[in-house]
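Contents: one structure, followed by commentary.
Here, each number is a calculation from the coordinates, and none is a lab measurement. Just so you know, these numbers come straight off a predicted model, no measurement behind them. Using ideal geometry, Cβ is built from the backbone for each residue, glycine included, and neighbour counts are taken over all protein chains shown.
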Amino acid sequence: MSDFFRTVMGKAFIEGTMPRIKKAIEEVAVELRQSNTLRERELELKERELKLREKELDIRIKEYHCSSPQ
């Protein structure tokens, strides 16, 4: 097995297949980074939406307390 790289198939693997595998892994890494960035943005937007809804709820609660008879 240690002489594999000396064979025709081994040379083809080292010089052809390995660079293609490396390139494919690098492309997957780029896509994964982009996906993570999009997920982070999505989470930030959901957090902002939640904060806005909480503020809206607080305003409605205050309005209710101000308008209810005492």
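Assorted remarks:
- Along each principal axis, taking the top coordinate minus the bottom one, the Cα set of segment 29-70 gives 62, 6, 5 Å in descending order.
- Radius 12 Å from Cβ of residue 39, net charge of other residues (Lys, Arg +1; Asp, Glu -1): 0
- Taking other Cβ atoms within 10 Å as a rough exposure proxy, 4, 13 sort from fewest to most as 4, 13.
- Its residue count N sets the reference 2.2 N^0.38 Å, and the alpha-carbon radius of gyration of the chain equals 2.62 times that reference.
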